[in-house]
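Enquirer: Before I ask anything, here is the structure I am working with.
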Amino acid sequence: MRAFSYERARDPQAAVAAMARTPDAKFIAGGTNLLDLMKLEIERPGRLIDVNGLGFDKIEATADGGLRIGALVRNTDLAADERVRRDYGVLSRALVAGASGQLRNKATTAGNLLQRTRCPYFYDPGQPCNKRQPGSGCGALQGFSRQLAVIGGSEACIATHPSDMAVAMRVLDASVETLNPEGKARRIPIAEFHRLPGDKPQIDTTLGRGELITAVTLPRPIGGVQVYRKVRDRASYAFALVSVAAVVQRDGSGRVAFGGVAHKPWRVEAAEPAMASGAKAVVDRAFAGAKPRHDNAFKLLLAERTLAAAMAEARA
Amino acid sequence: MDAAHKLEISRRGVLIVGAAASAVAAPSVSEAQAAGADAPVLAKVAFEVNGTRRELELDTRTTLLDALRENLNLTGSKKGCDHGQCGACTVIVDGRRINSCLTLAVMHEGGRITTIEGLGQPGALHPMQAAFVKHDGFQCGYCTPGQICSAVAVLDEIKAGVPSHAGADVTAAPQVTSDELRERMSGNICRCGAYSNIIEAITEVAGGNA
């Protein structure tokens, strides 16, 4: 690990100001992904700004009947919150499907959104990777792609976003609240928060340099039966091959987002009216233009079957 | 067969490339340190470990695990993967189990840390330690301190109503079942495969508490 200096930020304005002063600084909260990457020198910050003392650790009701989740709320606490379990079940289910008990105790809401891909070529400094080292090429394109993206990828990158939580937030139309280095707040719809790799796979999100996530807000509850179904190579503590976050209403209408298939949580709203016609109709539309590789072509059929299982679970 | 064969060759290739890359990278890091570009930064931190206040001055890079083992000689917590994948380093911080390898010591100012040494000692074992002995919940023992710290915290989490992936209904209060324990203990890997005895040990302690 490279040496770095360390400071505890006392308030949000001071945190973003400290970040603006130090070009190679990074915020640290739970640290479960950042420190892992720092040990491998994939991330090499010269300064860490610890934001754990900023007080963004509450879950509060909003004026319009939704919830405002502080950026520092731990995954365990978010999954266990009674309002989340009752009104946003898909989020609680997605959270407990991810990582391990130890990691969920430390990992934060904002950090979960910002975690980096687990593509094996990104993690191996001996391999080319445009996300880790722009311009070095993509080892995954001709390599082992079992875990990797089937849609939304580019000739530069076929990494997937590893989060379960973000898939549920996408289906719930969450928004990400931020503070930029000039001290200005803004709100980013989750649909616009994660980006596709294109020719700049080194950039995961639409956050500006030094911009700090302060909260994630959920709109008022949408009801329905809320299901999160995750398929992986072992029964627990593994990243998704395919996951499905679904909200199914009594009349058969609903919403669905997929995890483990793209550089961002994958939701195609135009495919959702097909839910009444069954899983295949939805997947045909949601994955139109998919470019699977030899090792991951199975994900298209798996997505259809996982959605079918989720819809059956919702109807049961 | 053919695909499996290719996979094996390629894995070896990856290992060789990886080893060569780190062999080249190592001298450049020490050169940078000698030049002062990557000089260690020291910071002070004070926290409570197993009921005793400890004050340390550490390289900021020191993980909580390394501080416990190397600075405080509490070598019960083990370093397995050092990347949060195996759970051997699990300790209880402010009442919650975490991977001590994936957190910096300097981030725990004022924290309360419990390691395996703080749970119990020979002659005065914690009930979970005694149950692991009774049920043969280990073979080589390397993962055991992490397993036991995790198990103690798991029972607290179930009592507090924290949901898990094993529960069909996230709104229901979780119960101590072997499915629940298996799911909740999935962050602790045991290469000897003592899992079924570990579940028996935890189940007995849970029954004693109920």
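The values are calculated or read from the model by the stated rules, or taken from the named source; none is laboratory data. Nothing here was measured: the structure is a model prediction, and the numbers come from that model. Neighbour counts run over all protein chains shown; Cβ positions are idealised from the backbone, glycine included.
Enquirer: Name, by its number, the condition in (1) surrounded by fewer than 19 Cβ atoms within 10 Å (Cβ to Cβ); (2) closer than 30 Å to A:Arg187 by Cα; (3) out of contact with any His (no Cβ under 7 Å at 6 or more places or on another chain) that does not hold for A:Thr205.
Expert: (3)
Enquirer: Give segment A:46-96 a look and list any residue that's within 11 Å of chain B (Cβ to nearest Cβ) and in contact with a Phe, Trp or Tyr (Cβ under 6 Å, 6 or more places away or on another chain), or say none.
Expert: A:Gly46, A:Arg47, A:Leu48, A:Val51, A:Val90, A:Arg93, A:Ala94, listed by residue number.
Enquirer: Mind checking which strands (runs of 3 or more DSSP E) fall wholly inside segment B:52-116 and carry at least 3 residues that are among the polar types (S, T, N, Q) and not assigned by TED's automatic domain parsing to the domain that holds B:Cys192?
Expert: Ranges flagged: none.
Enquirer: I would also like to ask the following. Please work out if B:Glu109 is at pLDDT 95 or above, surrounded by fewer than 24 Cβ atoms within 10 Å (Cβ to Cβ) and more than 19 Å from A:Asn105 (Cα to Cα).
Expert: Here the answer is no, as B:Glu109 does not meet what is asked.
Enquirer: While we're looking at this one, here's another question. Could you check segment B:41-86 and list, in sequence order, the residues that are among the basic types (Lys, Arg) and free of Cβ contacts under 8 Å to residues at least 12 places away in the same chain?
Expert: Of everything in segment B:41-86, those that are among the basic types (Lys, Arg) and free of Cβ contacts under 8 Å to residues at least 12 places away in the same chain turn out to be B:Arg53, B:Arg69.
Enquirer: Another question, then. Which one is farthest from B:Thr52 (Cα to Cα), of the residues in segment B:72-100 that are facing another protein chain (nearest Cβ under 8 Å) and buried (at least 22 other Cβ atoms within 10 Å of the Cβ)?
Expert: B:Gly84
Enquirer: Could you check segment A:260-316 and list, in sequence order, the residues that are among the polar types (S, T, N, Q) and either under 22 Å from A:Pro201 (Cβ atoms) or more than 23 Å from the chain's Cα centre (by Cα) (or both)?
Expert: Those that are among the polar types (S, T, N, Q) and either under 22 Å from A:Pro201 (Cβ atoms) or more than 23 Å from the chain's Cα centre (by Cα) (or both): A:Ser277, A:Asn296.
Enquirer: Mind checking whether some residue in segment A:235-249 is more than 20 Å from the chain's Cα centre (by Cα), surrounded by fewer than 17 Cβ atoms within 10 Å (Cβ to Cβ) and under 25 Å from A:Asp87 (Cα atoms)?
Expert: Yes, some residue in segment A:235-249 is more than 20 Å from the chain's Cα centre (by Cα), surrounded by fewer than 17 Cβ atoms within 10 Å (Cβ to Cβ) and under 25 Å from A:Asp87 (Cα atoms).
Enquirer: Within segment A:91-105, track down each residue that is in a helix (DSSP H, G or I) and not basic (Lys, Arg).
Expert: Within segment A:91-105, A:Leu91, A:Ser92, A:Ala94, A:Leu95, A:Val96, A:Ala97, A:Gly101, A:Gln102, A:Leu103, A:Asn105 meet the criteria.
Enquirer: I need a count of the residues in segment B:132-151 that are crowded, with 23+ Cβ neighbours inside 10 Å and in a helix (DSSP H, G or I).
Expert: Number of matching residues: 9.
Enquirer: Could you figure out which of (1) outside the structural domain of B:Arg69 (by TED's automatic domain parsing); (2) surrounded by fewer than 19 Cβ atoms within 10 Å (Cβ to Cβ); (3) touching a residue at least 12 places away in the same chain (Cβ under 8 Å) isn't true of B:Gln129?
Expert: Of the numbered conditions (1) outside the structural domain of B:Arg69 (by TED's automatic domain parsing); (2) surrounded by fewer than 19 Cβ atoms within 10 Å (Cβ to Cβ); (3) touching a residue at least 12 places away in the same chain (Cβ under 8 Å), the odd one out for B:Gln129 is (2).
Enquirer: Here's something else I'd like to know. Within segment A:127-146, how many residues are more than 13 Å from chain B (Cβ to nearest Cβ), surrounded by fewer than 24 Cβ atoms within 10 Å (Cβ to Cβ) and touching a residue at least 40 places away in the same chain (Cβ under 8 Å)?
Expert: 2
Enquirer: Here is a check on your reading of the model: is B:Asp179 among the charged types (D, E, K, R), within 26 Å of A:Arg229 (Cα to Cα) and modelled with pLDDT under 95?
Expert: no
Enquirer: For segment A:106-126, which residues satisfy the criterion of being within 10 Å of chain B (Cβ to nearest Cβ), part of a loop (DSSP other than H, G, I, E, B) and charged (D, E, K, R)?
Expert: Scanning segment A:106-126 gives a single hit, A:Asp124.
Enquirer: Quick check on my filter: what residues within segment A:222-237 are within 19 Å of A:Arg104 (Cα to Cα) and either part of a loop (DSSP other than H, G, I, E, B) or charged (D, E, K, R) (or both)?
Expert: Result: A:Arg229, A:Lys230, A:Arg232, A:Arg234, A:Ala235, A:Ser236, A:Tyr237.
Enquirer: While we're on this one: Any residue at all in segment A:25-37 that is surrounded by 19 or more Cβ atoms within 10 Å (Cβ to Cβ) and more than 20 Å from the chain's Cα centre (by Cα)?
Expert: Checking segment A:25-37: at least one residue is surrounded by 19 or more Cβ atoms within 10 Å (Cβ to Cβ) and more than 20 Å from the chain's Cα centre (by Cα).
Enquirer: Please specify each residue of segment A:153-206 satisfying the condition of being within 30 Å of B:His165 (Cβ to Cβ) and free of Cβ contacts under 8 Å to residues at least 24 places away in the same chain.
Expert: A:Ile188, A:Pro189, A:Glu192
Enquirer: A further question on this structure: Kindly check whether there is at least one residue in segment B:182-205 that is within 14 Å of chain A (Cβ to nearest Cβ), touching a residue at least 12 places away in the same chain (Cβ under 8 Å) and more than 20 Å from the chain's Cα centre (by Cα).
Expert: For segment B:182-205, residues within 14 Å of chain A (Cβ to nearest Cβ), touching a residue at least 12 places away in the same chain (Cβ under 8 Å) and more than 20 Å from the chain's Cα centre (by Cα): absent.
Enquirer: What is the residue count in segment A:19-44 for residues that are more than 8 Å from chain B (Cβ to nearest Cβ), closer than 18 Å to A:Ile203 by Cα and part of a loop (DSSP other than H, G, I, E, B)?
Expert: Of the residues in segment A:19-44, 6 are more than 8 Å from chain B (Cβ to nearest Cβ), closer than 18 Å to A:Ile203 by Cα and part of a loop (DSSP other than H, G, I, E, B).
Enquirer: Would you check if there is a residue in segment A:212-226 being out of contact with any His (no Cβ under 7 Å at 6 or more places or on another chain), modelled with pLDDT of 95 or more, on the phi < 0 side of the Ramachandran plot and surrounded by fewer than 16 Cβ atoms within 10 Å (Cβ to Cβ)?
Expert: yes
Enquirer: Next up: When the residues of segment B:154-179 are filtered to those that are within 11 Å of chain A (Cβ to nearest Cβ), of a type in the set (A, V, I, L, M, F, W, C) and not in a loop (DSSP other than H, G, I, E, B), which remaining residue is farthest from B:Ile92 (Cα to Cα)?
Expert: B:Ile158
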